[in-house]
Each structure stands twice: as structure tokens, then as C-alpha cells.
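A quick write-up on the structure given underneath.
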Ligand SMILES: Cc1cc2nc3c(=O)[nH]c(=O)nc-3n(C[C@H](O)[C@H](O)[C@H](O)COP(=O)(O)O)c2cc1C
């Protein structure tokens, strides 16, 4: 069973079905980046959801993620993708959480076999950067080709700034995404 897949709307392009964009997003900033990538590169879009969603309260999720990072707990995913073999380029998008790769994305990379595939990370954060996220993607995908990732500032939930990826910010981000996708030769 495949859950949550949003097929690319220009699915007639030959290469299109070979791109999968998997993302984790709590306050929708990374989701908009994922949609902008899909708009430029095509492909199918999948949101990662958990069996047991994280708490809505910010302090509570920070505490839970910190515990999970310390113990190495990988939260079980509700999202299932049983046709991953058909994709050869997998974009993986996530916020920075505690300067690390969020546990649900670790669950995804652990659960699915991406050997031989091209993996392309992207990220939003509150201004403190990617932390160890891209490095962890590389370490968890030793038999994949991991391309240079994209990162931009998103929300600052700690300060009550949740969603910023609209208006001018969204337009600027789209331009940056086009430049990046050209540089890594996903689009021409
Ligand atoms: C649990 C948690 C931990 C976070 N830790 C960091 C961090 O270490 N560094 C940072 O720059 N931003 C951090 N943030 C902020 C998010 O990375 C930022 O708001 C991001 O744009 C959220 O993406 P989203 O809207 O797709 O969920 C954290 C947010 C949450 C909820």
C-alpha cells in the first residue's frame, strides 16, 4: 500500500516517475520547499507521518526529540512506500531538530533500501544551519550517491514564528532552488 503520495502533475515527462520527494514537516516550511522542488523537477511527493504523532507543544517535542536522539530510538512510520524500487532519485527533506537529522527521517533511511540510488537532501532551519543532518544522511546511505543539498532559513518556532515560506520568501526560495537544481544537474 502506498500512502500520501501526490503524483507530479507533469507526469508525462519520461523521467518523472523516477523522482521521489520524501519530506518531514511540522510547520509546513519544508513542505513548501518540497512542493517547489516538485514544481521544477517533477516526481512524486510523500509526507512522512508517524504512528504516534509528536506533541503539538514546542517544549514537549524538543524534550522528546532530545531523548530519542540520545537513545537512538527510531519512531515507527505510518507512511508506507512499497514501490520505492521504481525511483532512482530520492529527495529527502527535513527541518533541523536539535542540530541533528530528525528521528523520523532516520527511521525512513533505516527502513528503505536506497542502495545504488541518488539521494538529494534539503532542509529548513531556524537560522542555526544544517547541523549534522546532511552528514548523517551520507552515513546512513553509504551505497547511495548523495548530492549537494539545499538549505534555507525557515520558521523559528521557539519564538512563535511558525510559517514563513510564502510571499517574497517563497519567491526567493524558488529562485535559489532553480539555481541549485541546475547546479546538481537535475534540471537544465
Ligand atoms: C523539535 C525542534 C527542534 C528544533 N531544533 C532546531 C535547531 O537545532 N536548529 C535550528 O536552526 N532550528 C531548529 N528548529 C526549528 C526548525 O528547524 C525550523 O523552524 C524549520 O523551518 C521547521 O520546518 P517545518 O516548518 O518544515 O517543520 C527546531 C524545531 C523543532 C520543532
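Derivation of every value follows stated rules applied to the coordinates shown; laboratory data play no part. For clarity, every value in this text was computed on a predicted model and none was experimentally measured. Note that we place each Cβ from the backbone using ideal geometry, even for glycine, and neighbour counts take in every protein chain shown.
Can you give the convex hull volume of the alpha carbon atoms of segment 89-139 per residue, in Å³?
So the per-residue Cα hull volume is 64 Å³.
When the chain is treated as a GNM, springs tying every alpha-carbon pair under 10 Å, which of 85, 56, 41 comes out with the largest mean-square fluctuation?
Comparing 85, 56, 41 in a Gaussian network model of the chain, the most mobile one is 56.
Over the alpha carbons of segment 143-188, what is the largest minus smallest coordinate on each principal axis, giving the biggest first in Å?
Between the extreme Cα coordinates on each principal axis of segment 143-188 lie 38, 27, 8 Å.
Given the convex hull over the Cα atoms of segment 109-167, what projected area results after averaging over all orientations, in nm²? Write down the numbers at each step before the final one.
On the way: hull surface 20.5 nm².
So the mean shadow area of the Cα hull is 5.1 nm².
Let me have the 222 nm mean residue ellipticity of the chain computed from DSSP H runs of 4+ only, each contributing -39500 (n - 2.57), with the sum over all residues rounded to the nearest 500. Spell out each step's value before the answer.
Details: 5 runs with 61 residues, N = 188.
Using -39500 (n - 2.57) per qualifying helix, the result is -10000 deg cm²/dmol.
How far is it, in nm, from the label point at residue 111 to the one at residue 143 when both lie 7 Å from their Cα along the line to the Cβ?
2.0
Counting C-alpha atoms alone, how compact is the chain: give Rg to one decimal and Dmax as a whole number, in angstrom.
15.6, 46
List the relative contact order of the chain as a percent without decimals, with contacts defined as Cα pairs under 8 Å and 6+ residues apart. Spell out each step's value before the answer.
Details: 343 pairs, mean separation 41.1, N = 188.
Normalised by residue count, the contact order of the chain is 22 percent.
Run the numbers on segment 121-188 and let me know its relative contact order in percent, using alpha-carbon pairs under 8 Å that are six or more apart.
32
Please compute the contact order of segment 20-125 in relative form: average sequence separation of alpha-carbon pairs under 8 Å and at least six residues apart, divided by the residue count, as a percent.
Details: 151 pairs, mean separation 34.8, N = 106.
Computed value for segment 20-125: 33 percent relative contact order.
Estimate the FRET efficiency between residue 64 and residue 5 by the formula 1/(1 + (r/R0)^6), using the beta-carbon distance for r and 25 Å for R0, to the nearest 0.05. The partial results should precede the final answer.
Values: r = 27 Å, r/R0 = 1.10.
That gives a FRET efficiency of 0.35.
To the nearest Å, what is the center-to-center distance of segment 112-167 and segment 75-110, using C-alpha atoms only?
Going from one Cα centre to the other spans 11 Å.
Subtract the Cα-Cα distance of residue 156 and residue 52 from 0.36 nm times their separation in residues, and report this length gain in nm to one decimal.
Working: separation 104, 0.36 × 104 = 37.44 nm, distance 2.38 nm.
Going from the current span to full extension adds 35.1 nm.
Which distance in nm do the two modelled labels at residue 183 and residue 168 give, with both placed 7 Å along the Cα-to-Cβ direction?
Once both label points are built, they end up 2.3 nm from each other.
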